[in-house]
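Working notes for the structure below.
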Amino acid sequence: MLEGLMTALEPGNLLWLAFGGFLGTIVGMLPGLGPATAVAVLIPITFGMDPTTALIMMAAIYYGAMYGGSRSSILLNTPGDGSAIAATFDGYPMAKKGQAGQALAISAIASLIGGLIAVIGFVLLAKPLAEFALKFGPAEYFLLMLFTLSAIVSLSIGNMTKGFISMSIGLLLSTVGVDLQSGVYRFTFDLPQLSEGVDFLVVIIGIYAVGEVLYNYLTIDQPLDKKKRDVGKIWVTKEQWKRSRWPILRSGPLGFIIGVLPGAGGSIASLLSYTTERQLSKRSDQFGKGAIEGLAAPESANNSASVGALIPLLTMGIPGSGTTAVMLGAIIMLGVKPGPLLFEDNPVMVWSLVNSMFIGNILLVLINILLVGLLVKILDTPPKMLYPLILVLSFVGTFTMNYSVVDFYILLLFGVIGLFMKILKFPIAPLILALIVGADMEQNFRKSLILSDGNLGVFFASPISIVLILMTVLSVCYPLIVNGFKKRKRTVEQRSTNI
């Protein structure tokens, strides 16, 4: 550990660490450009570089993008990446209430604490968690995704029907493209560009960015509320910290564990932590209206998930996310073979990476808090200039993903859908999450049935499966039970008032 710390503190490594973290923050803010894109673009720079330095820089880009992704979510309601979706739920309402500075500050603090929790977890639990992740078969992965969907639908308490409709649309969209098991083209309308399905990032940018711009154009001629221009303090108050600290501390380990599971990623971690905190909170009615704990929890979770995703990469050679899949290819090209023997054959590399993550998270929170004053200036941009700029960024980000004109039509289509969902008050999160996990969910369901010769008992065959089923049932029933108790309590209070 000490030798790794000395290696991480070498000037060259510190320079590349700062460069990777800063670049990740900037890229994370841009719609459509996630950490995977940033790592892929920078792979040529790593040729000839020391493998340890290259790994430190790529990891810094990854968790740096987790910091940056929430910036555009909070200020513009435009997630830079899938894992930043949950930051729009309460971060953007906070900015609209004149608390942009506080929202950006708690986001950076939560990311720091979540990242540090995950790094400590990496040191202590890398081996046992990697062994636990191996116990997840297709049935367990299917049930994990089912639980995640049920948890996000339960957010729509008071209108769960709209939540289920939104989720169903997302699941339908996830079936577009070539069926991986049969090779059949499904719902592609003879367009080759749809053979790989609808890119969820295009849908995210369309619904959130374009949809938000269209919605705001309806009220663009109204005088701007001065309170909306006020950015508030560029730090959190004592009361806000008291409300945020336990959600941050709870969500860090949750995000870390989800990050360890290959394929789960920051999107599931952040949304699951948000739903968990909403169900636990005594102020659940404030969520979605600018509750600071509703921003702190997912920010802690998605940053810790990015660190957790490195565990299956380094211990088993299994990428835990899209970004770590790109990193896997890069480090193999550098002559490093990930796997259990990496910790024995090249311990200095592993512990240099671990120490660099401690240093990098502290460095990034300083960078992000120092940039708060500059970032909140975005709110001072006149709407007639800001909205076209958001549209330009959306179209550029969309085009750079696949270089396909068809994506422009999909972007505009989902911009209109996002507008109507906002007007009709349909929750957007269930649609997005269902689209993200739908394809993997279907494949794992079908693999489970193939391996068990069609026996549905495979979903009850392991303790992990049974626990996930119980959690799924509880996540759907819990809001209904709580709502029933609240109605009963109100009825009793009304009766007592009448008496």
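Brief remarks follow.
- Condition broken by Phe395, with the remaining ones in (1) in contact with a helix residue (DSSP H, G or I) (Cβ under 8 Å, 6 or more places away or on another chain); (2) farther than 23 Å from Leu149 by Cα; (3) part of a helix (DSSP H, G or I); (4) in contact (Cβ under 8 Å) with a residue 40 or more places away in the chain satisfied: (4)
- Count of residues meeting criterion [more than 7 Å from Ile74 (Cα to Cα) and hydrophobic (A, V, I, L, M, F, W, C)] in region 86-99: 3
- Complete set of residues in region 41-72 that are open to solvent by less than 20 Å² (accessible area, probe 1.4 Å), closer than 14 Å to Met333 by Cα and of a type in the set (Gly, Ala, Ser): Ala54
- Sole residue being in contact (Cβ under 8 Å) with a residue 24 or more places away in the chain and in contact with a Lys or Arg (Cβ under 9 Å, 6 or more places away or on another chain), chosen from Ser475, Ser462: Ser462
- Sole exception among (1) touching a helix residue (DSSP H, G or I) at 6+ places or on another chain (Cβ under 7 Å); (2) open to solvent by 50 Å² or more (accessible area, probe 1.4 Å); (3) at pLDDT below 90 for Pro192, by number: (1)
- Residues located in region 442-471, provided they are under 14 Å from Met145 (Cα atoms) and among the acidic types (Asp, Glu): Glu442
- Evaluation of Gly415 against the conditions (1) touching a Gly at 6+ places or on another chain (Cβ under 8 Å); (2) open to solvent by 60 Å² or more (accessible area, probe 1.4 Å); (3) more than 14 Å from Leu144 (Cβ to Cβ) shows that the sole unmet condition is (2).
- Restricting Asp230, Asp225 to residues that are out of contact with any Asp or Glu (no Cβ under 9 Å at 6 or more places or on another chain), modelled with pLDDT under 75 and loosely packed, with under 14 Cβ neighbours inside 10 Å narrows the list to Asp225.
- First in region 190-212 and over 13 Å from Ser404 (Cα atoms), second anywhere and of a type in the set (Phe, Trp, Tyr), Cβ under 7 Å, 6 or more apart: Val203/Phe414; Gly206/Phe414; Ile207/Phe414
- Some residue of region 364-384 being modelled with pLDDT of 75 or more, open to solvent by less than 60 Å² (accessible area, probe 1.4 Å), over 30 Å from Leu17 (Cα atoms) and touching a Phe, Trp or Tyr at 6+ places or on another chain (Cβ under 7 Å): no
- Close pairs (8 angstrom Cβ cut-off, 6 or more residues apart or separate chains): within 19 Å of Asn216 (Cβ to Cβ) and in a helix (DSSP H, G or I) in region 402-424, aromatic (Phe, Trp, Tyr) and open to solvent by less than 50 Å² (accessible area, probe 1.4 Å) anywhere: Gly418/Tyr208
- Which numbered condition Gly80 fails, given (1) modelled with pLDDT under 90; (2) farther than 21 Å from Pro247 by Cβ; (3) part of a helix (DSSP H, G or I): (3)
- Residues being on the phi > 0 side of the Ramachandran plot and either without any contact (Cβ under 8 Å) to a residue 60 or more places away in the chain or open to solvent by less than 60 Å² (accessible area, probe 1.4 Å) (or both) are represented in region 164-185 by at least one member.
- Filter pass, Gly82 being over 21 Å from Ile369 (Cβ atoms) and either of a type in the set (Gly, Ala, Ser) or buried (at least 23 other Cβ atoms within 10 Å of the Cβ) (or both): yes
- Taking region 440-457 as the range and being of a type in the set (A, V, I, L, M) and crowded, with 21+ Cβ neighbours inside 10 Å as the test, only Met441 passes.
- Hits in region 166-191 (condition: of a type in the set (Val, Ile, Thr), in contact with a Leu (Cβ under 9 Å, 6 or more places away or on another chain) and either closer than 14 Å to Leu431 by Cα or assigned to a helix (DSSP H, G or I) (or both)): Ile169
- Pair list, Cβ < 6 Å and 6+ apart or interchain, from region 326-339 residues that are on the phi > 0 side of the Ramachandran plot and in contact (Cβ under 8 Å) with a residue 24 or more places away in the chain to residues that are open to solvent by 10 Å² or more (accessible area, probe 1.4 Å) and assigned to a loop (DSSP other than H, G, I, E, B): Gly339/Gly317
- Number of positions in region 324-358 that are small (Gly, Ala, Ser) and within 19 Å of Leu15 (Cα to Cα): 2
- Residues within region 140-161 that are open to solvent by 50 Å² or more (accessible area, probe 1.4 Å), part of a helix (DSSP H, G or I) and touching a residue at least 24 places away in the same chain (Cβ under 8 Å), tallied: 1
The values are calculated or read from the model by the stated rules, or taken from the named source; none is laboratory data. In this text the structure is predicted, and so the values were computed from the model without any measurement. Virtual Cβ from ideal backbone geometry, glycine too; neighbours counted across all protein chains shown. Remember, those area values only see protein heavy atoms, side chains included, never the ligands or the DNA or RNA. Shrake-Rupley method; radii C 1.70, N 1.55, O 1.52, S 1.80 Å.
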